[in-house]
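The structure under discussion appears below in the form of structure tokens.
Every number here is computed from the coordinates shown, using simple stated rules; none is lab data. Note that the structure is predicted; figures quoted are calculated from it, not measured. Because the Cβ atoms are built from the backbone with ideal geometry, glycine has one as well, and the counts that use them run over all protein chains shown.
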Amino acid sequence: MLRYLTAGESHGQALVGILEGLPAGMPVNREGIDEDLARRQQGYGRGGRMAIEQDRIHVLSGLRGGVTLASPLAFTIENRDYQNWQQGMDPFQGDVTYRQVVHPRPGHADLPGALKYGFDDMRPILERSSARETAARVAVGSITRQMLQPFGIEAACHVVSIGSAAIQHQPLTFESLTGAENSPVRCIDESAATKMMAAIDQAKAQGDSLGGVVEVRVKGLPVGLGSHVQWDRKLDARLAYALMSIQAVKGVEIGDGFETARRPGSQVHDEIYHDKDRGIHRKTNHAGGIEGGMSNGEELVVRCGVKPIPTLMQPLQTIDMRTKEPFEAVKERSDTCAVPAAAVVAELVTLFVVAQAFLETFGRDSFEEMKRCWKPSR
């Protein structure tokens, strides 16, 4: 079973990941992982933290000579900002009164986390609940990307909207999404991208923040990943679970998603065809590549609704946790908009779920054996 754990605080020494279940003998390229980590750090609207960090993976175990050993792959990603926070974050000598947080932010984990775990200071909650943790998940997903690539499975992401600025509805090809990597907001529509950046500038000037919608596409999936036989084996359910766990994601849809609830069945379900060149296929993809909890051979299309970041430079009203008197929410250094980065995180989280399902169907103990036994069905 492919699984992972992450550890680490936002301003601690490092993020930590342990990935278990990779087949033996699989090549892993460090440059590819670092490239995905760099993609996560980019995007118009990011804050000052990204000027400090320079994310790189440091593998501790599970690799030898650039190939997997079948043992757990453990890694760290250094937090360079720890140098500025060591007084408060040192594991043994840290001053627990350093930069305490007693004014919880509406929309953040601050208040429920503090009440759940019995903290008067919310610093421990925000340190772990921070989206900084997603750097470790990007590294995990990037490794699984390298596992899937030899089987013709590729992924791409783009930003559909930021605030009210959105791309025009039009059929998009997988190949067209590559242009998103050249956009400051990871948007393939230049006109929409200009409007998105203007919206971010306006929000920043007002001390506000913006969310948006991101889309991930995966091509080359074989038929039958996931299963209809139990609720927890359905591929779409597993994707929704994983993607909803990304900080600030508040909604997930597969294919046309909620739009299908507004259409008659004749405009929702994808008709089935066959020819000798393509085999069984569909001319439309309203289902987003999943039917009955299983991949159907078409492109996987999944979207996430990302809420605005809850740290505002013009803070919302809250209370002082010590006195319960009205107060303004805490102001931590933050982004105005992290939607372009969220698209990358969603892409790599999606790839991990796909890799899990792929190994359940086609997995072997060694990578070479997997490739020899690879027989996708159509």
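A few notes on this one:
- Positive end of the dipole of the range 11-151 (Cβ unit charges, origin at the Cα centre): among GLY141, GLN93, ALA114, the Cα lying farthest that way belongs to GLY141.
- Charging the Cβ of each Asp and Glu at -1 and of each Lys and Arg at +1, and nothing else, the dipole of the range 1-93 about its Cα centre rounds to 160 debye.
- The three principal axes of the C-alpha atoms in the range 231-378 carry coordinate ranges of 71, 46, 28 Å, sorted with the longest axis first.
- Dipole magnitude for the range 40-128: computed about the Cα centre from +1 point charges on Lys and Arg Cβ and -1 point charges on Asp and Glu Cβ, it is near 360 debye.
- Calculated from the structure at hand, semi-axes √(5λ) of the Cα gyration tensor in Å is found among (1) 31, 26, 21; (2) 40, 38, 19; (3) 36, 27, 18 as (3).
- Nearest 10 degrees, 0 to 90: helix 134-148 Cα axis against the chain principal axis: 20 degrees
- Comparing the range 184-298 with the 2.2 N^0.38 Å rule of thumb, its C-alpha radius of gyration ratio is 1.35 (two decimals).
- Shape call, the range 74-141: gyration tensor on alpha carbons, a/c limit 1.5: oblate
- Partners for LYS204 among aspartates and glutamates (Cα-Cα distance below 12 Å; same-chain residues under 8 apart left out): ASP335
- Cross-link pairs exceeding 22 Å in C-alpha to C-alpha distance, out of LYS276/LYS375; LYS234/LYS276; LYS219/LYS283; LYS234/LYS283; LYS307/LYS331, comprise LYS234/LYS276; LYS234/LYS283.
- Helix 190-205 and the longest principal axis of the C-alpha atoms of the chain enclose an angle of approximately 20°.
- Axis of helix 30-41 versus longest Cα principal axis of the chain: the two differ by about 60°, to the nearest ten degrees.
- Ignoring aspartates and glutamates fewer than eight residues from LYS324 along the same chain, the ones with Cα atoms less than 16 angstrom from its Cα are ASP110, ASP120, ASP121.
- Expressed as a whole percent, the proportion of Cα-Cα pairs in the range 233-287 lying more than 17 Å apart is 55%.
- The chymotrypsin sites (Phe, Trp or Tyr not before Pro) of the range 3-112 that meet both conditions, a loop assignment by DSSP and at most 13 other Cβ atoms within 10 Å of the site Cβ, are PHE92.
- Residues SER245 and GLU53, FRET efficiency given R0 of 25 Å [Cβ-Cβ distance, rounded to 0.05]: 0.70
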